[in-house]
Amino acid sequence: MKFYLKVSRPGLWFPTIWLYMLPFGGQQFWVEPLFWVGLLYVCFPLNFLIYGWNDIVDYETDQLNPRKDSYLFGAKGTKEQLAQLPKTIALVQVVFCLFFIAVEGWKMLMLFSVLGLILIAYNFPKHGLRTMPGFDLAAQFGYLLVVPFSIMVNDLADLRWLTYFYLFLFAVQSQLIGEVMDITPDRKAGRTTTATTLGMRGTKALIILIVAIETGLLLFVYGDYIFGGMLGMGLIWLLLDLFVIYKTQRYTLEQMQLFGVGSNVIALVSMVYVWWSGCLL
C-alpha cells in the first residue's frame, strides 16, 4: 500500500484537487456525499492511473532520478512491482468508472474515453507524446477534464472558454516545471522533452512567459488583484531564479523538496481564495 500511495504522488495531488474545486465558486460543497466520492477519485484513483502508467513506461529514466521514491514526487518501483501495477490500476479504475458512468450516463463514459485516449497517446512506448517536444505540453489538456468531471458529478454551471485557456496554461506551466527538475536524468536516459530541447534557460524563459500571460489575464481581464498579485509575486521569483539566484544551475534534492512543499501550501491558499471569491467563473 505504501508503494501504491507513492505511485499516486500525494505531493502532486494539488492540481487535480484544485481543478475539481474550481467550478464551485463560493457554493457549499460539503453536504453532498457524491462530492466526497468525486474528491476521493481525483485524489488517489485518477493520479494512481496517470502517474502509475507513466512510471511503467519511464522505468529507465526513473532509476536515474533522485526525486523519485518519495510521497512527494513518486515511487521508484522495481520491475516486479511495476509488472503487477497494471492489474491494480485497472481494478481501481473499473470500480470508480462504472460507478460514475452509472450515475452520470454516457457523458461520463465519453469523458473517461477521451482521458484514456490521451493517456495512451502520451505513454505510447517509444513514440508517445511524452518524448515529443511541444506535444508533451499539449497532452496536458487531459488535466482539464477534471473540470467537466466535477461539473457533472456536482451538477454545477460550466466555465467560460477563457477560464479553460487559463487552466491549460496552468497545466503546461506545471509540466514544464517538472521537466526542468528532471532535465538531467532525462538527458542521461536519452529521453527528449521540451525542456531537454530548449535547455534550462530556454525552458525557464518559457515558464516566465506563460506565468506573465496568466498574470495579465487575472489582472486585466478577470480584474482580480489579489490572485493576480499572488501570481505576480511568483513571476518576480521566477525572474530572480533565472537571472540572479540559480540561473541554469541544477537544483539540489533538498531544494526541489522545499519547492514541492511550498507549491502545496500556495496551492491550498489559492484554492481557498478562488473558491471563496469565484474569481475565475
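If I filter the range 1-30 down to residues being aromatic (Phe, Trp, Tyr) and either closer than 18 Å to ASP155 by Cα or not in a helix (DSSP H, G or I) (or both), which single residue comes out as modelled with the highest pLDDT?
TYR20
Show the residue pairs that are 6+ apart or on different chains and have beta-carbon atoms under 9 Å apart, the first residue being within the range 239-250 and on the phi > 0 side of the Ramachandran plot, the second being exposed (fewer than 14 other Cβ atoms within 10 Å of the Cβ).
LYS247/ARG201
Scan the range 75-90 and tell me whether some residue there is buried (at least 18 other Cβ atoms within 10 Å of the Cβ) and within 17 Å of the chain's Cα centre (by Cα).
Going through the range 75-90, the residues buried (at least 18 other Cβ atoms within 10 Å of the Cβ) turn out to be 75-77, 82, 85, 89.
Retained after the next criterion (residues that are within 17 Å of the chain's Cα centre (by Cα)): 75.
Yes.
Can you name the condition, by its number, that TRP13 falls short on among (1) under 14 Å from the mean Cα position of the chain (by Cα); (2) touching a residue at least 60 places away in the same chain (Cβ under 8 Å)?
(2)
Within the group GLY232, GLY260, which residue is farther than 30 Å from LEU64 by Cα, in contact with a helix residue (DSSP H, G or I) (Cβ under 8 Å, 6 or more places away or on another chain) and not basic (Lys, Arg)? Break it down into steps so the answer makes sense when it comes.
Numbers: GLY260 fails: farther than 30 Å from LEU64 by Cα.
Exactly one of GLY232, GLY260 is farther than 30 Å from LEU64 by Cα, in contact with a helix residue (DSSP H, G or I) (Cβ under 8 Å, 6 or more places away or on another chain) and not basic (Lys, Arg), namely GLY232.
Which residues, taken from the range 6-52, are out of contact with any helix residue (DSSP H, G or I) (no Cβ under 9 Å at 6 or more places or on another chain) and not polar (S, T, N, Q)?
LYS6, VAL31, PRO33, TRP36
Only one residue in THR194, THR184, THR131 is within 17 Å of the chain's Cα centre (by Cα) and touching a residue at least 60 places away in the same chain (Cβ under 8 Å), so which one is that?
THR194
Specify the residue that is surrounded by the fewest Cβ atoms within 10 Å (Cβ to Cβ); the eligible residues are those in the range 31-74 that are of a type in the set (Ser, Thr, Tyr) and modelled with pLDDT of 90 or more.
Here the residue is TYR51.
Cβ contacts < 6 Å: first residue free of Cβ contacts under 8 Å to residues at least 12 places away in the same chain, restricted to the range 135-153; second residue assigned to a helix (DSSP H, G or I), any location; separation 6+ or different chain. Result?
PHE135/LEU129
With the checklist (1) modelled with pLDDT of 90 or more; (2) under 21 Å from the mean Cα position of the chain (by Cα); (3) not small (Gly, Ala, Ser) in hand, flag the one item LEU219 doesn't pass.
LEU219 satisfies every listed condition except (2).
Quick one: would you say LYS107 is farther than 16 Å from TYR51 by Cβ, among the charged types (D, E, K, R), in a helix (DSSP H, G or I) and touching a residue at least 24 places away in the same chain (Cβ under 8 Å)?
The answer is yes for LYS107.
Just to be sure, is TYR225 more than 26 Å from PHE73 (Cα to Cα) and of a type in the set (Ser, Thr, Tyr)?
The answer is yes for TYR225.
Residue by residue through the range 113-148, note down the ones that are aromatic (Phe, Trp, Tyr) and assigned to a helix (DSSP H, G or I).
Our first condition is that a residue be aromatic (Phe, Trp, Tyr); within the range 113-148, this holds for 122, 124, 135, 141, 143.
Of everything in the range 113-148, those that are aromatic (Phe, Trp, Tyr) and assigned to a helix (DSSP H, G or I) turn out to be TYR122, PHE135, PHE141, TYR143.
As an exercise: evaluate THR16 against (1) more than 19 Å from PHE99 (Cβ to Cβ); (2) among the polar types (S, T, N, Q); (3) crowded, with 18+ Cβ neighbours inside 10 Å and give the number of the one condition it does not meet.
Every condition holds for THR16 apart from (1).
Of all residues in the range 59-75, which are in a loop (DSSP other than H, G, I, E, B) and without any contact (Cβ under 8 Å) to a residue 60 or more places away in the chain?
Of the residues in the range 59-75, the ones in a loop (DSSP other than H, G, I, E, B) are 64-69, 71-73, 75.
The one that is in a loop (DSSP other than H, G, I, E, B) and without any contact (Cβ under 8 Å) to a residue 60 or more places away in the chain: LYS68.
Could you check ASP158 against (1) farther than 24 Å from PHE124 by Cβ; (2) part of a helix (DSSP H, G or I) and say which number it fails?
It fails just one condition, (2).
The values are calculated or read from the model by the stated rules, or taken from the named source; none is laboratory data. If you're wondering where the values come from, they're calculated on a predicted model, not measured in any experiment. FYI the Cβ positions are ideal-geometry reconstructions off the backbone, even for glycines, and counts take in every protein chain you see.
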